[in-house]
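The values are calculated or read from the model by the stated rules, or taken from the named source; none is laboratory data. Bear in mind the structure is a predicted one, so any value in this text is a computation, not a measurement. Here the Cβ is made from the backbone with ideal geometry for all residues, glycine too, and neighbour counts use every protein chain on show.
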Ligand SMILES: [Zn+2]
Ligand SMILES: [Zn+2]
């Protein structure tokens with residue numbers, strides 16, 4: 001059986017030429033889900049979405065029966081910042097990300113929790129929760145996913161406990177979940193490469209955060225080792241996590257309905273090969 005049939009596999013897809021073109025690009029890889037940026041990820045300002053493009057996007061997604069689509073939020077948003085001026089900008093831009101995801105009918109908005117630059121870890125975690133409480137509304141449709149971080153530099157969200165500390169302080173909890181990045185979690189020190197390490201990590205996740213919070217994945221191999229705290233993605237099977245580590249995820253029957261997006265360095269140029277390696281792994285005994 002092909003991995004795209006068994007699991008909800010997708011990848012990060014370009015929106016070049018029009019946001020609605022992303023669904024067809026994803027479909028051409030046999031993906032049943034995908035991830036996009038809804039705006040330039042390196043800029044604060046976003047051009048408003050044209051109603052025509054929004055309608056075409058929704059139609060394309062529906063026609064292809066795709067689900068669990070993710071928007072990845074801008075890299076500029078540090079929700080942990082202690083700087084009040086920056087904070088106002090971050091809140092405004094984050095609110096805009098939510099509105100755009102909702103307009104497009106997208107289920108998940110994934111973001112990097114932030115960093116403790118200029119403050120302590122404890123305060124950064126509290127700031128992230130405070131800011132989420134500012135932007136989450138009861139009537140929004142999309143669920144906001146905190147992405148597990150590699151713990152590079154002063155980034156927070158690299159332990160399940162830190163992520164739980166944020167969610168504990170969020171008021172509308174049914175609008176938050178976790179996006180589990182396999183490269184980041186391994187770099188952060190969780191041994192998901194071995195079968196027993198994988199089992200223990202998932203048990204820990206379940207007892208600290210709850211498996212029902214685990215809404216999706218970034219499926220990446222890593223150039224750096226266990227506990228390296230360095231975020232460097234690698235093509236599937238070419239990295240230190242290797243096909244053994246990745247197999248733990250694509251063979252876990254609990255995860256069949258959770259979107260898993262490739263974010264490997266070659267992007268769309270490498271997905272065919274990534275998929276062939278995933279297929280070989282899935283079908284070997
Ligand atoms: Zn990310
Ligand atoms: Zn990464």
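Residue-by-condition table, conditions (1) at pLDDT below 95; (2) within 30 Å of residue 128 (Cα to Cα); (3) assigned to a loop (DSSP other than H, G, I, E, B):
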{"position": "22", "(1), (2), (3)": "no, no, no"}
{"position": "42", "(1), (2), (3)": "yes, yes, yes"}
{"position": "52", "(1), (2), (3)": "no, no, no"}
{"position": "67", "(1), (2), (3)": "no, yes, yes"}
{"position": "78", "(1), (2), (3)": "no, yes, yes"}
Go through segment 68-102 residue by residue and tally those that are surrounded by fewer than 19 Cβ atoms within 10 Å (Cβ to Cβ) and touching a helix residue (DSSP H, G or I) at 6+ places or on another chain (Cβ under 8 Å).
5
What about residue 119, is it more than 24 Å from residue 214 (Cα to Cα), in a loop (DSSP other than H, G, I, E, B) and modelled with pLDDT of 95 or more?
yes
When you scan segment 167-203, how many residues do you find that are part of a helix (DSSP H, G or I), in contact with a strand residue (DSSP E or B) (Cβ under 8 Å, 6 or more places away or on another chain), closer than 20 Å to residue 121 by Cα and more than 16 Å from ligand 1 (Cβ to nearest atom)?
1
Quick one: would you say residue 265 is surrounded by fewer than 17 Cβ atoms within 10 Å (Cβ to Cβ), out of contact with any helix residue (DSSP H, G or I) (no Cβ under 9 Å at 6 or more places or on another chain) and touching a residue at least 24 places away in the same chain (Cβ under 8 Å)?
yes
Among (1) crowded, with 19+ Cβ neighbours inside 10 Å; (2) under 13 Å from residue 180 (Cβ atoms), residue 271 falls short only on (2)
Scan segment 220-229 and tell me whether some residue there is assigned to a loop (DSSP other than H, G, I, E, B), within 16 Å of ligand 2 (Cβ to nearest atom), modelled with pLDDT of 95 or more and over 15 Å from residue 245 (Cβ atoms).
yes
Suppose the filter is crowded, with 17+ Cβ neighbours inside 10 Å, more than 14 Å from ligand 1 (Cβ to nearest atom), at pLDDT 95 or above and within 19 Å of the chain's Cα centre (by Cα); does residue 150 pass it?
no
For segment 235-248, what are the residues that are surrounded by 20 or more Cβ atoms within 10 Å (Cβ to Cβ) and either within 16 Å of ligand 1 (Cβ to nearest atom) or outside any helix (DSSP H, G or I) (or both)?
236, 237, 239, 241
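Name the single residue that is nearest to the chain's Cα centre (by Cα) among those in segment 252-262 being away from ligand 2 (no atom under 16 Å from the Cβ) and surrounded by 16 or more Cβ atoms within 10 Å (Cβ to Cβ).
259
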